[in-house]
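See below for the structure under consideration.
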Amino acid sequence: MSVLQKIKDIEDEMARTQKNKATMAHLGSLKAKLAKLKRELIVQASGGKGGGEGDGFDVSKSGDARVGLVGFPSVGKSTILSKLTDTKSEVAAYEFTTLTCIPGVIQYKGAKIQLLDLPGIIEGAKEGKGRGRQVISTARTCGLLLIVLDSTKTLVSKRLIEKELEGFGIRLNKEAPNISIRKKDKGGIGITTTVELTHLDNETIESVLREYKLSNADVIFRCDATVDELIDVIEGNRVYIPTLYVVNKIDSISMEELDIIDRLPHYVPISAHLDWNLDELLEKIWEYLDLVRIYTKPKGQMPDYSEPVVLNSKHCTVEHFCNRLHKDIMKQFKSALVWGSSVKFSPQKVGKDHFLCDEDVIQIIKK
């Protein structure tokens with residue numbers, strides 16, 4: 001029996017099974033089996049006709065962040081790339097105009113943001129159809145995804161693309177669940193929770209762990225997790241990427257429809273070929289990438305505001321800043337002087353663990 005047939009059989013059984021407390025453990029076990037089969041399918045697809053490595057997908061990372069344009073064919077990804085960067089990607093009225101990965105660079109607020117125009121994906125991309133595995137593998141390397149949707153068929157396209165990306169281990173606009181699993185030699189399964197679990201019981205947790213042959217392990221839940229989140233942690237190959245839904249061609253819909261789209265979370269309505277609302281799209285890209293700009297100040301000189309050092313706000317200590325400049329700076333590091341909103345007074349002497357804020361000015365003092 002093929003892997004696809006096994007997946008279909010499990011999905012059919014899950015659809016037939018009533019969802020209640022009595023069947024929770026059984027459904028958890030089925031979901032774990034399904035996750036393992038889908039992982040097997042992805043591995044198989046890597047050697048298949050539609051999923052192997054191909055020309056144009058080995059684009060090296062450059063700039064301060066990487067953003068990927070994902071969507072079905074002919075939704076305007078290439079037009080967006082051309083409008084936001086100096087790169088010209090082929091634009092035409094027919095589908096599959098872009099057959100490879102086209103990179104461009106957005107210059108915004110002193111940062112250089114790499115923008116990738118990925119070929120249009122089709123249903124079944126996660127199984128390798130239409131070079132889909134290459135597209136989604138490249139999407140996994142991005143710090144932000146822009147899912148480009150046609151305003152006339154937004155909801156259907158959104159669900160299909162989310163299904164393809166989720167099937168390849170990409171979690172959109174989600175935080176990694178705070179669950180830790182530690183294997184041990186003996187003692188069975190130990191379950192500790194710091195919050196009340198409303199979606200899981202001990203029987204379901206043990207059922208999922210047994211499916212992965214984890215019969216001796218300590219599991220600590222620090223969040224109200226679902227069975228899918230538990231499976232994600234066990235699988236260990238998930239990536240959690242912030243995502244914006246870019247609804248293009250808004251010139252084709254009514255003001256009432258546009259007003260509804262504008263209220264939805266994570267949505268940015270635009271018209272790429274008419275240059276409508278591209279400024280807001282750039283601002284949202286900056287917001288979702290969560291970047292900070294740090295300016296350098298050589299001793300006895302004015303700060304250099306022309307080329308900031310751009311860091312992610314989660315990794316913006318003085319040590320991160322030094323390593324970004326050169327890996328050997330920390331060997332000679334003594335302290336730093338900081339001007340800006342991260343300190344109580346300016347300048348303030350700080351150590352390597354001090355967190356920097358956007359537009360801080362820093363001067364490194366060496367030993």
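The stretch 304-367 holds strands (runs of 3 or more DSSP E) entirely within its bounds, and those carrying 3 or more residues that are within 19 Å of residue 64 (Cβ to Cβ) map to 304-312, 360-366. Remark: pairs (first residue in the stretch 312-339, in contact (Cβ under 8 Å) with a residue 24 or more places away in the chain; second residue part of a loop (DSSP other than H, G, I, E, B) and among the hydrophobic types (A, V, I, L, M, F, W, C); Cβ separation under 6 Å; 6+ apart in sequence or on different chains) = 316/356. Determine whether residue 245 is surrounded by fewer than 18 Cβ atoms within 10 Å (Cβ to Cβ) and in contact (Cβ under 8 Å) with a residue 12 or more places away in the chain. It is false that residue 245 is surrounded by fewer than 18 Cβ atoms within 10 Å (Cβ to Cβ) and in contact (Cβ under 8 Å) with a residue 12 or more places away in the chain. Given the structure, is residue 138 in contact (Cβ under 8 Å) with a residue 60 or more places away in the chain, surrounded by fewer than 16 Cβ atoms within 10 Å (Cβ to Cβ) and farther than 21 Å from residue 229 by Cα? Considered against the rule, which asks whether it is in contact (Cβ under 8 Å) with a residue 60 or more places away in the chain, surrounded by fewer than 16 Cβ atoms within 10 Å (Cβ to Cβ) and farther than 21 Å from residue 229 by Cα, residue 138 comes out as no. In the condition set (1) without any contact (Cβ under 8 Å) to a residue 12 or more places away in the chain; (2) closer than 20 Å to residue 38 by Cα; (3) not β-branched (Val, Ile, Thr), residue 230 is compliant with all but (1). Every condition in (1) surrounded by 19 or more Cβ atoms within 10 Å (Cβ to Cβ); (2) at pLDDT 85 or above; (3) touching a Lys or Arg at 6+ places or on another chain (Cβ under 7 Å) is met by residue 119 except one, and the failing one is (2). Which one is surrounded by the fewest Cβ atoms within 10 Å (Cβ to Cβ) among residues in the stretch 264-323 that are under 18 Å from the mean Cα position of the chain (by Cα) and of a type in the set (Val, Ile, Thr)? So, considering only residues that are under 18 Å from the mean Cα position of the chain (by Cα) and of a type in the set (Val, Ile, Thr), the one surrounded by the fewest Cβ atoms within 10 Å (Cβ to Cβ) is 268. Considered as a group, the residues in the stretch 1-24 that are part of a helix (DSSP H, G or I) and of a type in the set (S, T, N, Q) include one that is farthest from residue 207 (Cα to Cα), and that residue is 5. Residues in the stretch 215-226 that are closer than 18 Å to residue 29 by Cα and open to solvent by 20 Å² or more (accessible area, probe 1.4 Å): 3 in all.
Of everything in the stretch 358-367 that's in contact with a Gly (Cβ under 9 Å, 6 or more places away or on another chain) and open to solvent by less than 50 Å² (accessible area, probe 1.4 Å), which residue is farthest from residue 302 (Cα to Cα)?
360
The values are calculated or read from the model by the stated rules, or taken from the named source; none is laboratory data. Because the structure is a prediction, the values reported are computed rather than measured. In this analysis, Cβ positions are derived from the backbone assuming ideal geometry, glycine residues included, and neighbour counts consider all displayed protein chains. What goes into the accessible areas is simple: the full protein's heavy atoms, side chains included, and nothing from ligands, DNA or RNA. Shrake-Rupley method; radii C 1.70, N 1.55, O 1.52, S 1.80 Å.
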